[in-house]
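Novice: If you scroll down you'll find the structure; I have some questions about it.
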Amino acid sequence: MSIAPPANATTADDPIVPPIVPDISRAGAPARVSALARARVRGKFVFADDAKFYVRGVTYGAFRPDASGREYQNLDVIERDFAQMAANGINTVRIPHTTPPRSLLDLAQRHGLRVMVGLSAEQYLGFLIDRKMGVLEIEAQVRAKVRQCAGHPALLCYALGNEIPAPMARWLGRTKIERYLKGLYQGVKEEDPDGLVTYVNYPTTEYLQLPFLDLVCFNVYLESPERFGAYLERLQNIAGDRPLIMSELGLDGLRNGDAVQARSLDWQVRTAFAAGCAGVFVFSWTDEWHRQGHGVEDWAFGLTRADRSPKPALGAAREAFAEVPFPPSLSWPRISVVVCTYNGARTIRDCLEGLRRLAYPDYEVIVVDDGSTDAAAAIARQYPCRLIQTENRGLGSARNTGLGAATGDIVAYIDDDAYPDPHWLTYLAATFLSTSHAAVGGPNIAPPGDGPIAECVARAPGGPVHVLLSDCEAEHIPGCNMAFRKARLEAIGGFDPRFRTAGDDVDVCWRLQDAGFTLGFSAAAMVWHHRRNSVRAYWKQQIGYGRAEAMLERKWPKKYNGSGHARWAGRIYGNGLTRALRWRRARVYHGTWGVAPYQSLYEPAPSLLGSLPQMPEWYLGITILMTLSTLSLVWSPLKALLPLLVGAILLALAQASLSAARASFNDASPRGAARLGRRLLTAALHLLQPLARLRGRLDYGLAPWRRRGAPRLAAPWPRTFTLWSERWQDPDQRLRRIEADLKAAGAALRLGGDYDRWDLEVAGGPFGSARLLMAVEDHGAGAQFLRFRWWPRGSRGGVAITALVAALAGGAASAGAWAAGTILAALTLALALCVALECAAAAALIAWTVGRLGTGSD
């Protein structure tokens, strides 16, 4: 725990909210509460049975041990403390440094409290370094602690440790710490398979990567609401699809005053829950605190004093806990939820059931049936929703139909194969209320229980993911979980109906940003999204996504590179991401001498070679190498290409294997051969996905297989065009006019940079393009003489491949291998023709566009 009290401390004793202090001195034993259901993790939150459980907690201890060296033995004091906690809205107790006796858990259960049990793994590291204990000995001691508490109804979770000191983590290295904690985690799971496990981290060792944990817990002490809120957004992205719990927050009342402590706790608790945290532990319950053999008297973080008399902070915490996750007094906007379905009878019932259980005061549900031939419409009629049936016009059109029927200020979209968390709309609306974003999205998580294939598909590439420019601003939000200010969406004309099955969400996000609006992201606004449950369905889905990519590239050429791949400015988040092969290791920012208060892990950017095996073109290259290698049967020197072929295949296999090995499967998944089978299937899906995208791109002509622009061709050599204009116009405006005309003609183009001797480049494909340069002479009285020059440009890759095949053809001919030489010569001519045709097509588009300036339309 790191604390930095401000210098200008103040004091005050008046309570903000009258505290509740139960008088149990004459009450006898408290009434036994009903049995507590075992806590479970579902996505970003904790549930008990089917009810969401927000952790409203306090830390408890450490206290002075008894004569035998044992803590938490005074059951009368614990009884009174727990009664007072329960009376003030606290539902969870954290024992941070000592594993409590089972009797404490019994008392917690009697008062309806749950307990986070500390296992103190950080206390064994010194023994491990000095080799006084081995890992197995430490694990045996931790297992013994778990057996004391295993299966108890009051158990919330086990905390493996609390704040491993940054110097110790730096001494051992993050990899050893991660392995150490993972080994202990596995030991806990073997002793108590249903128990939740976490580790309590803090900013100084934020870089630890612990994806196996059920819960993500951080101790954070920040005294600025803005800094605290910003750091919570960062932690939510670190947590990913798991719940985030603030395991310690608070303020020292001794240095800052009781009133300041109370106000600080109020905004800390409210900010944490508003940011989507699954829970909060206030540090601490009482000012009585004992550590390292001594009582601590130089701070006062407690909600109560050492004699358990309430401080103003207790009332502030109680009021904040009572209004989780948001105050009911907020004026919530009306939201229209639109569900577009086409033959979605298999899943739409789950979707509508989830929408019916939403905890939001003012919303409507609109189901747009886009010409379904199954029972989707009949199922929708069984739920409180407005059903609109249309002929089949595609997803983009269906979304616009829902937009037109919406009566809310906010329009939220969810797919018919998804269902929401109960507070989905609450977190979306809260983000709209606190920001100016035109749209807000949230995570989509694959639900458990869909079967082994769906579990593997959820960990394969090509699923719906979000792209973030920062921890809270998005570049793209997926269509299964997105919401818009209705006025903003209408201002850009809604969705593009050309996108019938996919790509509509990417297009609308880019159009909103082009119009000057921003997109937000709320980590807590989650939905459960079913993945495809067969390899065939996954294959068809990815083909459809490949077609959508081709359509997007035609409409947004500046968003794509020359090979037809989207150029995202932000970072892509989500499960199933393909792992690039890395030749450089990630580095930890420790700060000088390891004293930085925030220490993060910095991943190097993937290298080109490491990213290539993820691309469809890599598989096309493998096909070409296989074809050339086959010719070694008639010309043996081509056997030299076999190492290249083998290397290309091995890199693709390595990328797929690495991605599958790093995939995190559910603990309920089978072990042994069955788990290996799932990893093998996941690896196979990583290999299959680029091939499916390649097929979809071929169907729709995405680069490098474009069929864009006018059908005519122009001579693929440099040309010059001049034009006299009596109307003066800024050269920049003329170039923008040419750029707009080229885009309207379907050209894929890019603008020249600060160091380029050309203005525009039009791509005819990956092998050929043409560049345009303009010069303007001013002749007075508004007259201008315009000069245009354009020239072809074969791509380096296209020219290199053509030259290589030509060299092979020449070598085969000189060796007398006429069959191989003839085939290679034909391939050389085909490649050269491809370069020439692509250059000619690009030149034709430039000639046509520039020629329009001289027709009088200028």
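The values are calculated or read from the model by the stated rules, or taken from the named source; none is laboratory data. These figures come from a predicted structure and were not determined experimentally. Using ideal geometry, Cβ is built from the backbone for each residue, glycine included, and neighbour counts are taken over all protein chains shown. Just so you know, the surface numbers come from the protein's heavy atoms only, side chains and all, with ligands and any DNA or RNA stripped out. Shrake-Rupley method; radii C 1.70, N 1.55, O 1.52, S 1.80 Å.
Novice: Condition check: surrounded by fewer than 16 Cβ atoms within 10 Å (Cβ to Cβ), of a type in the set (S, T, N, Q), assigned to a helix (DSSP H, G or I) and at pLDDT below 90. Does Q733 satisfy that? Steps first, please.
Specialist: Numbers: surrounded by fewer than 16 Cβ atoms within 10 Å (Cβ to Cβ): yes; of a type in the set (S, T, N, Q): yes; assigned to a helix (DSSP H, G or I): yes; at pLDDT below 90: yes.
So Q733 fits the description; yes.
Novice: Another one. Restricted to region 302-322, and to residues that are open to solvent by 50 Å² or more (accessible area, probe 1.4 Å) and part of a loop (DSSP other than H, G, I, E, B), which residue is nearest to I410 (Cα to Cα)? Show your work before the answer.
Specialist: Residues of region 302-322 open to solvent by 50 Å² or more (accessible area, probe 1.4 Å): 305-307, 319, 322.
Of the ones still in play, those that are also part of a loop (DSSP other than H, G, I, E, B) are 305-307.
Details: R305: 47, A306: 50, D307: 51 Å.
In this case the residue turns out to be R305.
Novice: Looking at R170, R174, R234, which one is within 21 Å of K44 (Cβ to Cβ), open to solvent by 20 Å² or more (accessible area, probe 1.4 Å) and in contact (Cβ under 8 Å) with a residue 24 or more places away in the chain?
Specialist: Unique residue meeting the criteria: R234.
Novice: Please specify each residue of region 798-815 satisfying the condition of being under 28 Å from M774 (Cβ atoms) and either charged (D, E, K, R) or open to solvent by 40 Å² or more (accessible area, probe 1.4 Å) (or both). Break it down into steps so the answer makes sense when it comes.
Specialist: Start the filter on region 798-815 by keeping residues that are under 28 Å from M774 (Cβ atoms), which leaves 798-799.
Scanning region 798-815 gives a single hit, V799.
Novice: Looking for something among the aliphatic types (A, V, I, L, M), over 29 Å from F665 (Cα atoms) and not in a loop (DSSP other than H, G, I, E, B) - is there at least one such residue anywhere in region 434-457? Let's see the steps before the verdict.
Specialist: Start the filter on region 434-457 by keeping residues that are among the aliphatic types (A, V, I, L, M), which leaves 438-440, 445-446, 453-454, 457.
Then drop every residue that is not over 29 Å from F665 (Cα atoms), which leaves 438-439.
Now narrow it down to the ones that are not in a loop (DSSP other than H, G, I, E, B): 439.
The answer is yes, given that some residue of region 434-457 is among the aliphatic types (A, V, I, L, M), over 29 Å from F665 (Cα atoms) and not in a loop (DSSP other than H, G, I, E, B).
Novice: I need the full set of residues from region 131-157 which are in contact with a Phe, Trp or Tyr (Cβ under 9 Å, 6 or more places away or on another chain) and either among the hydroxyl-bearing types (S, T, Y) or open to solvent by less than 10 Å² (accessible area, probe 1.4 Å) (or both), in order please.
Specialist: I138, V142, V146, C149, L156
Novice: If S657 meets every condition in (1) among the polar types (S, T, N, Q); (2) at pLDDT 80 or above; (3) farther than 18 Å from V457 by Cβ apart from one, which number is that one?
Specialist: (3)
Novice: Does any residue of region 768-777 turn out to be out of contact with any Phe, Trp or Tyr (no Cβ under 6 Å at 6 or more places or on another chain), within 25 Å of R567 (Cα to Cα) and buried (at least 17 other Cβ atoms within 10 Å of the Cβ)?
Specialist: First, pick out the residues of region 768-777 that are out of contact with any Phe, Trp or Tyr (no Cβ under 6 Å at 6 or more places or on another chain): 768-769, 775-776.
Next, from what is left, pick out any that are within 25 Å of R567 (Cα to Cα): 768-769.
Next cut, buried (at least 17 other Cβ atoms within 10 Å of the Cβ) only: 768-769.
Yes, there is a match, as at least one residue in region 768-777 is out of contact with any Phe, Trp or Tyr (no Cβ under 6 Å at 6 or more places or on another chain), within 25 Å of R567 (Cα to Cα) and buried (at least 17 other Cβ atoms within 10 Å of the Cβ).
Novice: Among the residues of region 272-292, write down those that are under 23 Å from V115 (Cα atoms) and in a helix (DSSP H, G or I). Can you show your working first?
Specialist: Of all residues in region 272-292, those under 23 Å from V115 (Cα atoms) come to 272-273, 276-291.
Matches in region 272-292: A272, F273.
Novice: Out of everything in region 458-470 that is in a loop (DSSP other than H, G, I, E, B) and not small (G, A, S), what residue ends up being least open to solvent (accessible area, probe 1.4 Å)?
Specialist: P461
Novice: Filter region 400-418 down to residues that are open to solvent by less than 10 Å² (accessible area, probe 1.4 Å) and either of a type in the set (D, E) or in a helix (DSSP H, G or I) (or both), then give me how many there are.
Specialist: Residues in region 400-418 being open to solvent by less than 10 Å² (accessible area, probe 1.4 Å) and either of a type in the set (D, E) or in a helix (DSSP H, G or I) (or both): 1 in total.
Novice: Related question: For region 43-53, name all the residues that are surrounded by fewer than 20 Cβ atoms within 10 Å (Cβ to Cβ), more than 18 Å from G151 (Cα to Cα) and touching a residue at least 12 places away in the same chain (Cβ under 8 Å). Break it down into steps so the answer makes sense when it comes.
Specialist: So in region 43-53, the residues surrounded by fewer than 20 Cβ atoms within 10 Å (Cβ to Cβ) come out as 47-52.
Right, trim to more than 18 Å from G151 (Cα to Cα) and you get 50-52.
Residue satisfying the conditions is K52 alone.
Novice: Are there any pairs, at least 6 apart or on different chains, whose C-beta atoms fall under 8 Å, with the first in region 728-744 and of a type outside the set (A, V, I, L, M, F, W, C) and the second part of a helix (DSSP H, G or I), and if so, which?
Specialist: R734/L853; R737/L853; D741/T849; D741/R852; K743/P557
Novice: Now for a separate question. Can you tell me which residue among N74, N8 is modelled with pLDDT of 85 or more and of a type in the set (S, T, N, Q)? It would help to see each step written out before you state the result.
Specialist: Details: N8 fails: modelled with pLDDT of 85 or more.
Answer to the check: N74.
Novice: Let me ask you something else. Could you list, in sequence order, all residues of region 660-690 that are at pLDDT below 85, open to solvent by 60 Å² or more (accessible area, probe 1.4 Å) and assigned to a helix (DSSP H, G or I)?
Specialist: Correct list: R662, A673.
Novice: May I ask you to verify whether I492 is under 15 Å from A438 (Cα atoms), in contact (Cβ under 8 Å) with a residue 12 or more places away in the chain and open to solvent by less than 10 Å² (accessible area, probe 1.4 Å)?
Specialist: Working: under 15 Å from A438 (Cα atoms): yes; in contact (Cβ under 8 Å) with a residue 12 or more places away in the chain: yes; open to solvent by less than 10 Å² (accessible area, probe 1.4 Å): no.
Criteria not met by I492.
Residues checked against (1) in contact with a helix residue (DSSP H, G or I) (Cβ under 7 Å, 6 or more places away or on another chain); (2) under 23 Å from Q236 (Cα atoms); (3) hydrophobic (A, V, I, L, M, F, W, C); (4) in contact (Cβ under 8 Å) with a residue 12 or more places away in the chain:
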site	(1), (2), (3), (4)
R131	no, no, no, no
I164	yes, yes, yes, yes
E190	no, no, no, yes
Y199	yes, yes, no, yes
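Novice: Looking only at region 328-361, which residues are in a helix (DSSP H, G or I) and open to solvent by 70 Å² or more (accessible area, probe 1.4 Å)?
Specialist: First, pick out the residues of region 328-361 that are in a helix (DSSP H, G or I): 348-356.
Answer for region 328-361, where residues must be in a helix (DSSP H, G or I) and open to solvent by 70 Å² or more (accessible area, probe 1.4 Å): R349, D350, R356.
Novice: Here are some residues: L105, L119. Which one is under 31 Å from the mean Cα position of the chain (by Cα) and either open to solvent by less than 10 Å² (accessible area, probe 1.4 Å) or not small (G, A, S) (or both)?
Specialist: On the way: L105 fails: under 31 Å from the mean Cα position of the chain (by Cα).
Matching residue, one of L105, L119: L119.
Novice: Hey, any hits in region 836-845 for a residue that's farther than 26 Å from T623 by Cβ, open to solvent by 60 Å² or more (accessible area, probe 1.4 Å), within 47 Å of the chain's Cα centre (by Cα) and at pLDDT 85 or above?
Specialist: No, region 836-845 contains no residue that is farther than 26 Å from T623 by Cβ, open to solvent by 60 Å² or more (accessible area, probe 1.4 Å), within 47 Å of the chain's Cα centre (by Cα) and at pLDDT 85 or above.
Novice: In the set A438, A378, which member is more than 19 Å from H529 (Cβ to Cβ) and either of a type in the set (D, E, K, R) or open to solvent by 40 Å² or more (accessible area, probe 1.4 Å) (or both)? Break it down stepwise before answering.
Specialist: Details: A438 fails: either of a type in the set (D, E, K, R) or open to solvent by 40 Å² or more (accessible area, probe 1.4 Å) (or both).
Being more than 19 Å from H529 (Cβ to Cβ) and either of a type in the set (D, E, K, R) or open to solvent by 40 Å² or more (accessible area, probe 1.4 Å) (or both) holds for just one of A438, A378, which is A378.
Novice: Same structure, new question: Of the residues R498, R485, which single one is open to solvent by 30 Å² or more (accessible area, probe 1.4 Å), modelled with pLDDT under 95, basic (K, R) and farther than 21 Å from P447 by Cα?
Specialist: Within the list R498, R485, the selection yields R498.
Novice: Also, I was wondering about something else. Has region 362-371 got any residue that is in contact with a Gly (Cβ under 6 Å, 6 or more places away or on another chain), buried (at least 22 other Cβ atoms within 10 Å of the Cβ), outside any helix (DSSP H, G or I) and in contact (Cβ under 8 Å) with a residue 40 or more places away in the chain? I'd like the intermediate steps shown before the answer.
Specialist: Taking region 362-371 as the starting set, the residues that turn out to be in contact with a Gly (Cβ under 6 Å, 6 or more places away or on another chain) are 366, 368.
Next, only the ones that are buried (at least 22 other Cβ atoms within 10 Å of the Cβ) stay: 366, 368.
Applying the additional criterion that residues be outside any helix (DSSP H, G or I) yields 366, 368.
Right, trim to in contact (Cβ under 8 Å) with a residue 40 or more places away in the chain and you get 366.
Yes: one or more hits.
Novice: Still on this structure, I have one more. Has region 219-226 got any residue that is under 18 Å from the mean Cα position of the chain (by Cα), crowded, with 19+ Cβ neighbours inside 10 Å, at pLDDT 95 or above and over 21 Å from A39 (Cα atoms)?
Specialist: no
Novice: Restricting attention to region 767-798, and to residues there that are assigned to a strand (DSSP E or B) and basic (K, R), which single residue is farthest from the chain's Cα centre (by Cα)? Don't jump to the end; show me each part of the working.
Specialist: So the first thing to find is which residues in region 767-798 are assigned to a strand (DSSP E or B), and the list is 768-778, 784-794.
If we keep only those that are basic (K, R) as well, we get 771, 787, 789, 793.
Working: R771: 38, R787: 49, R789: 46, R793: 39 Å.
Checking each candidate, the answer is R787.
Novice: Given the condition modelled with pLDDT of 70 or more and in a helix (DSSP H, G or I), answer yes or no: does some residue in region 605-612 qualify?
Specialist: Let us first name the residues in region 605-612 that are modelled with pLDDT of 70 or more, namely 611-612.
Among the residues that remain, those that are also in a helix (DSSP H, G or I) are: 611-612.
Yes, the conditions are met somewhere in region 605-612.
Novice: Okay, moving on. Hey, among D76, D81, which residue is of a type in the set (D, E), surrounded by 20 or more Cβ atoms within 10 Å (Cβ to Cβ) and either touching a residue at least 40 places away in the same chain (Cβ under 8 Å) or more than 23 Å from E139 (Cα to Cα) (or both)? Give the derivation first.
Specialist: Values: D76 fails: surrounded by 20 or more Cβ atoms within 10 Å (Cβ to Cβ).
Step by step, each of D76, D81 is checked, and only D81 is of a type in the set (D, E), surrounded by 20 or more Cβ atoms within 10 Å (Cβ to Cβ) and either touching a residue at least 40 places away in the same chain (Cβ under 8 Å) or more than 23 Å from E139 (Cα to Cα) (or both).
Novice: Give just the number: which of (1) within 30 Å of A51 (Cβ to Cβ); (2) among the aliphatic types (A, V, I, L, M); (3) in a helix (DSSP H, G or I) does M246 not satisfy?
Specialist: Condition not satisfied by M246: (3).
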